[in-house]
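The values are calculated or read from the model by the stated rules, or taken from the named source; none is laboratory data. Bear in mind that the values here come from a model prediction, so they are computed numbers and not experimental data. In this analysis, Cβ positions are derived from the backbone assuming ideal geometry, glycine residues included, and neighbour counts consider all displayed protein chains. What goes into the accessible areas is simple: the full protein's heavy atoms, side chains included, and nothing from ligands, DNA or RNA. Shrake-Rupley method; radii C 1.70, N 1.55, O 1.52, S 1.80 Å.
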Amino acid sequence: MDFPYRLAGRRTPDRPEVLVAAVVDAARALAGHIGTGTDRLVLGGRSMGGRMCSMAVAEGLEAAALVLISYPLHPPGRPERMRTEHFPSLRLPCLFVSGTRDAFGSPAELEAATAAIPGPVTRNWVDGGDHGLRGKDDLVSDLVVSWVAALGP
């Protein structure tokens, strides 16, 4: 999905409330379009998109699971500004795919932060990958497809 700021041609993201509302609206629209509830959808995205999906679920949007690629734990060089306060509300399966050289959160930081998630957590590391995971699309896709398939019907 495209966030409202992107559709408006802006580069600066909207406030989190606006972004989360857009995720909720898009998930409900997709679920309605395919004739199911949002509780049957696997939601997620890369970086901020994944974060907004996780926040929407933490705020009550039902989903089957979350796929969070290059989750931005904190701004680069600012580990004191963690973006994980909603993690204890995530009671569903979560997949995290991150590079081992991601400036937004090291593997050790991600391991520690995701320990607060009560739902099942799977972490996959892309060796040498940075936040953008450039050139790793096939690997990331394979990891996601395999994980989602293992969730079952």
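Observations on the structure shown:
- Within segment 62-73, the residues that satisfy the criterion of being open to solvent by 10 Å² or more (accessible area, probe 1.4 Å) and of a type outside the set (Val, Ile, Thr) are GLU62, ALA63, ALA64.
- Leading residue by the ranking (most open to solvent (accessible area, probe 1.4 Å)) among those in segment 119-133 that are part of a loop (DSSP other than H, G, I, E, B) and touching a Leu at 6+ places or on another chain (Cβ under 9 Å): PRO120
- If you check PRO75, PRO79 for being at pLDDT below 95 and touching an Asp or Glu at 6+ places or on another chain (Cβ under 8 Å), only one passes: PRO79.
- Qualifying residue in segment 69-78 (condition: out of contact with any strand residue (DSSP E or B) (no Cβ under 9 Å at 6 or more places or on another chain), in a loop (DSSP other than H, G, I, E, B) and without any contact (Cβ under 8 Å) to a residue 12 or more places away in the chain): yes
- Per-region count, segment 53-68, residues in contact (Cβ under 8 Å) with a residue 40 or more places away in the chain and outside any loop (DSSP other than H, G, I, E, B): 3
- Within segment 8-20, not a single residue is more than 25 Å from HIS131 (Cα to Cα), crowded, with 18+ Cβ neighbours inside 10 Å and in contact (Cβ under 8 Å) with a residue 24 or more places away in the chain.
Residue-by-condition table, conditions (1) farther than 24 Å from PRO153 by Cβ; (2) touching a Leu at 6+ places or on another chain (Cβ under 7 Å); (3) surrounded by fewer than 20 Cβ atoms within 10 Å (Cβ to Cβ):
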site: ARG51; (1), (2), (3): yes, no, no
site: VAL57; (1), (2), (3): no, yes, no
site: MET82; (1), (2), (3): yes, yes, yes
site: ARG91; (1), (2), (3): no, no, yes
site: PRO107; (1), (2), (3): yes, no, yes
site: ALA112; (1), (2), (3): yes, no, yes
site: ILE117; (1), (2), (3): no, yes, no
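- Checking ALA21, ALA29 one by one, the residue that is in a helix (DSSP H, G or I), farther than 18 Å from ILE117 by Cα, modelled with pLDDT of 95 or more and more than 16 Å from the chain's Cα centre (by Cα) is ALA29 and no other.
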